[in-house]
Amino acid sequence: GTATGVKVQVRHPKKKNSEKWGMLKSSKNNSQINAKEFVVKNMKSKDVIVCLKDQVPLSETDKVKVTITQPSERELETVSGSADAKSLSFDVDQPCPSTTIDEGSRIITWKRKLRPGEEVTLSLAYEIEYPKDKKLHFHNR
């Protein structure tokens, strides 16, 4: 959803593809790194609390591995089974700033308080490793 007085710009840096040798296997895997940057600016004359959500892909097979590289594990708090994980609402009692991931839905939520005119860049990056002889297919649920 959108909020009057809050500007969000999404940047998509170029995708990176590579081949990797498995540590214990002699076969090669392909690797694709996906990244997004959300530039959020408070255009209001008062403080605002911003809640931004995005989803990291879910793999349907153990042959495809999705690893979050940004935000870092240190920055990311895991929550489980949030009933409203896909909704636009957020817990007002949750500390600010915070960055959480719902372990079931893989939805990342950033919560930030922005002063008037303040701009923040929130980064999301993940690596997808998959067998060289396969292609990736994405679909929405």
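The values are calculated or read from the model by the stated rules, or taken from the named source; none is laboratory data. Owing to the predicted nature of the structure, the values given are computational and were not obtained by experimental measurement. Reconstructed Cβ throughout: ideal geometry from the backbone, glycine too, with neighbour counts over all protein chains shown.
Identify all residues within region 42-63 that are surrounded by fewer than 17 Cβ atoms within 10 Å (Cβ to Cβ) and under 19 Å from the mean Cα position of the chain (by Cα); write none if there are none.
Ile49, Asp54, Gln55, Pro57, Leu58, Ser59, Glu60, listed by residue number.
Tell me which of these Asn30 doesn't satisfy, since it passes every other one: (1) under 30 Å from Asp133 (Cβ atoms); (2) at pLDDT 90 or above.
(2)
When both residues are 6+ apart or on different chains and their Cβ atoms are under 7 Å apart, which pairs have a first residue that lies in region 50-79 and is more than 19 Å from Val39 (Cα to Cα), and a second that is aromatic (Phe, Trp, Tyr)?
Pro57/Phe138; Lys63/Tyr130; Val64/Tyr130; Val66/Tyr126; Thr67/Tyr126; Ile68/Tyr126
So, restricting to strands (runs of 3 or more DSSP E) that lie completely within region 36-141, which ones have at least 1 residues that are modelled with pLDDT under 85?
In region 36-141, 77-79 are the strands (runs of 3 or more DSSP E) which contain 1 or more residues that are modelled with pLDDT under 85.
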